[in-house]
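Everything on this sheet refers to the single structure shown next.
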Amino acid sequence: MKLKLREKELPPVQLRLALPAAAKQMLDRYATFVGQTSGREVEARGIAVEMLEQFMASDRDFRRWQKLTQESVFESRESPIEKSPQMNGHEAE
């Protein structure tokens with residue numbers, strides 16, 4: 001995995017969710033595996049965050065949709081009428 005520097009990170013927020021017991025056991029075992037193979041101590045929470053980020057970053061359809069529907073936090077704010085996403089060369093309705 002290659003480290004990517006981020007422009008500016010937002011502060012972390014807490015997200016609580018319930019996992020099926022089997023998924024939690026597998027996540028714990030995965031954290032143990034990563035710890036043993038990397039030689040460093042890792043927590044299941046950190047692994048889960050990294051896995052979720054990588055999953056969303058690797059979803060091409062999600063990235064494409066995101067580009068069409070969201071402006072960058074660094075762009076100037078324009079009214080939705082002035083800046084509407086286009087799909088296949090046509091304005092979205």
Meets criteria (modelled with pLDDT under 95 and among the aliphatic types (A, V, I, L, M)) for Ala44: yes
Identity of the residue in the stretch 23-53, surrounded by 11 or more Cβ atoms within 10 Å (Cβ to Cβ) and closer than 20 Å to Leu10 by Cβ, that ends up nearest to the chain's Cα centre (by Cα): Leu52
Residue satisfying condition, being part of a helix (DSSP H, G or I) and modelled with pLDDT of 90 or more, within set Arg16, Arg29: Arg29
Residue in the stretch 60-71 that is at pLDDT 50 or above, surrounded by fewer than 11 Cβ atoms within 10 Å (Cβ to Cβ) and not in a helix (DSSP H, G or I) present: yes
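The values are calculated or read from the model by the stated rules, or taken from the named source; none is laboratory data. Everything quoted here is computed from the prediction, not taken from an experiment. Here the Cβ is made from the backbone with ideal geometry for all residues, glycine too, and neighbour counts use every protein chain on show.
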